[in-house]
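**Q** For reference, the structure I am asking about is given below.
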Amino acid sequence: MDLQKIMATAREIAKQTGTITTEQLSGLCPNSMEPEEIEALLGALRAEGIRLKDDEAET
């Protein structure tokens, strides 16, 4: 997993609203991610102030 590449793309997606949807994040991540990698990714998102939304419809 290339956490830096995923984070760079997540930053671009969240640039305007400060959020990324679970669907968008899922599309960035390989299916083979280990639980520890997912936890690290979510922690990195939180550390940068990027919030995770359930879907596009939420405000």
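**Q** For helix 35-47, what angle does its Cα long axis make with the longest principal axis of the chain, in degrees from 0 to 90 and rounded to 10?
**A** In the chain, helix 35-47 runs at an angle near 40 degrees to the longest axis.
**Q** Then there is this: The chain: which GluC sites (Glu not before Pro) are DSSP loop and have at most 16 other beta-carbon atoms within 10 angstrom? Present the calculation step by step, with values, prior to reporting the outcome.
**A** On the way: sites: 12, 23, 36, 37, 39, 48, 56, 58; in loops: 48, 56, 58.
Here the sparse-neighbourhood loop sites are 48, 56, 58.
**Q** Let me ask another. Per residue, how much accessible area does the chain show when a 1.4 Å probe rolls over the protein heavy atoms, in square angstrom?
**A** On the way: 4220 Å² over 59 residues.
Here the residues of the chain average 72 Å² of exposed surface.
**Q** Let me ask something else about it. Kindly express, to the nearest 10 degrees and within the range 0 to 90, the angle between helix 3-14's C-alpha long axis and the longest C-alpha principal axis of the chain.
**A** 10 degrees
**Q** Expressed as a whole percentage, what fraction of the accessible surface of the chain belongs to carbon and sulfur atoms when a 1.4 Å probe is rolled over the protein heavy atoms? Provide the component values of the computation, followed by the final result.
**A** Numbers: 2020 of 4220 Å².
About 48 percent, which is the carbon plus sulfur part of the accessible surface.
**Q** Considering amide H positions built from the backbone, and no H for Pro or chain starts, which residues 5 or more places from residue 21, or on another chain, come under 5 Å of its amide H?
**A** Excluding prolines and chain starts, which carry no amide H, the hits are 53.
**Q** Taking 0.36 nm per residue of sequence separation and subtracting the Cα-Cα distance, how much length would be gained by fully extending the chain between residue 19 and residue 3, in nm to one decimal?
**A** 4.0 nm
**Q** Report, in cubic angstrom per residue, the convex hull volume of the C-alpha atoms of the chain.
**A** 73 Å³
**Q** How large is the charge dipole for the chain, taken about the Cα centre, if only the Cβ atoms of Lys, Arg (+1) and Asp, Glu (-1) carry charge, to the nearest 20 debye?
**A** The dipole magnitude comes to about 300 debye.
The values are calculated or read from the model by the stated rules, or taken from the named source; none is laboratory data. Quick caveat: nothing in here was measured; it's all calculated off a predicted structure. When we count neighbours, we look across all protein chains shown, and the Cβ atoms used for this are built from the backbone with ideal geometry, even at glycine. In case anyone asks, the SASA skips ligands and DNA or RNA and just uses the protein heavy atoms, side chains included. Shrake-Rupley method; radii C 1.70, N 1.55, O 1.52, S 1.80 Å.
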